[in-house]
1. Grab the DSSP H runs of the chain that are 4 residues or longer, score each as -39,500 (n - 2.57), total them, divide by all residues and round the 222 nm result to the nearest 500 deg cm²/dmol.
2. Taking the Cβ of each residue in Glu16, Glu381 as the centre, tally the other Cβ atoms inside 10 Å and list the residues starting with the fewest.
3. Would you compute the Debye intensity of segment 2-105 from its alpha-carbon atoms alone, equal scatterers and no solvent, and pass along log10 I(q)/I(0) at q = 0.20 Å⁻¹ to two decimals?
4. How far, in degrees from 0 to 90, does helix 301-313 lean away from the longest principal axis of the Cα atoms of the chain, to the nearest 10?
5. May I ask you to derive the relative contact order of segment 113-213, considering only C-alpha pairs under 8 Å and at least 6 residues apart, and to give it as an integer percent?
6. Compute the acute angle (0 to 90°) between the alpha-carbon long axis of helix 2-21 and the principal axis of greatest extent of the alpha-carbon atoms of the chain; round to the nearest 10°.
7. I need Tyr24, Tyr91 ordered by Cβ neighbour count within 10 Å, fewest first.
8. When only C-alpha pairs under 8 Å and at least 6 residues apart count, what is the relative contact order of the chain, in percent?
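Only the coordinates and a few stated rules stand behind these numbers; no lab work does. A quick note: this is a predicted structure, and the numbers were derived from the prediction, not measured. Here the Cβ positions follow ideal geometry from the backbone for every residue, glycine too, while neighbour counts run over all protein chains shown.
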Amino acid sequence: MSSKKSSVEFWLSQLEEHLKRERYSPQAVQRGTVVARDFLTYLDKQHVAVESVEPTDVTLYLRDALRLYQRRHGHTPKSLHAPKSFQWWRYSHTTSINMLLRLMRGHWPPPPAAVFCRDVCEGYDKWMDDLRGLPLETRSGRCAEARRFLSWLGERGSPQNLLNITVKDVDAYMMLRAKSQRRTTLKRRATDLRSFLRYLHATSRVNLDLSTAVITPRLYAFESIPSALRPEDIKAVLETTRNDRSRKGLRDYAVLMLLSSYGLRAGEVTALQLDHVDWRSETLRIRHSKTGAYSELPLLPAVGTAILDYLQNGRPKAKVRELFIRTCAPYRSFRNGSSLHRLIQKRLAAAGVEPEGRQGPHAFRHARAVSMLRAAVPIKEIGDILGHRSADSTTTYLKLATEDLRAVALEIPVEVRA
């Protein structure tokens, strides 16, 4: 019994040291070790060895811990009523448990499913790079959809069962995705899945080429109007964020200045590194995520001031080279451009701005395109600034300059109006 107790204390001390190395706050370190201790106690009561823990055991523990919380406080944690991404109670528990299991077992979640999924996606990424020459952002999005598909398959996604998936499986997955996706997004997801199924067949992981069975919605050229923020909305968001002098406020303001001033893609902002800002020549080096090409843009004074303020007063000391990083431990860079969506939504809500369309970083990009159109900047130059590969991508924004289009509208003949 004493041997088991000493083993528990050893791993709890290892977890505590790990959390401190990652520079978690003292409160987070204490909470993490308490949750880990409770989880190990739960496993002992259930007679489950750490070596045989499965994800279902973690789920059962969370259910048990939630019942205990309700008994003590008379209500469920408030964060559980928020959207899934904001459920802090669940996140704080699973983060500590996952860290502990990785320390104790060397890997988590358990193989073979996780290892097989990782190996398949790594091979898929290399295949797209070598055979198609696709940019990193496109490959990352398609790998994410591949992981989602394999996760949805569950046991059928194992090396043995994957061989026998059918058109019914593909249809069922697409029907599930269609419930929460717009038509344009669903078409993109269908394209991602078609590509992955083509790879699976090319590498003999499935018996049939199911890529032709993926049904996509029909879209027509220029059928939709991109979402763009109005100038007054952008001004309100920038002013509200600038008044927030917290670490997060300084970071978010610098991000918003880059989005609104240059019309950068979200992935281009998160990929910015410290040495991409040349203070001597006052230039900004941007790697366009879709084309892989680099552009050098002038570092506007207001943008430079926002970045410098963030570096001096807001950015935590960290070894990572990315310019923008998390404001709480572990201090790491954003995973990809999608990480900015929640940031943008919070800042729009704080400013009382409720756009009619999408509320992500791309709304700033579209707004910048409109402002350049109204300033009579040639389409070719707008495309170069935005990092477009073809003029067709830029002409989409012509639909947003509605006021300018009204100015050149033709009068309807009387005969037609009658």
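1. Details: 18 runs with 235 residues, N = 418.
Rounded to the nearest 500, it is -18000 deg cm²/dmol.
2. Values: Glu16 16, Glu381 11.
Listed from fewest to most nearby Cβ atoms, that is Glu381, Glu16.
3. Each listed q corresponds, in turn, to -1.12.
4. 10 degrees
5. Working: 74 pairs, mean separation 29.5, N = 101.
That works out to 29 percent.
6. 20 degrees
7. On the way: Tyr24 20, Tyr91 13.
Ascending Cβ contact count within 10 Å gives the list Tyr91, Tyr24.
8. Over the chain, the number comes to 13 percent.
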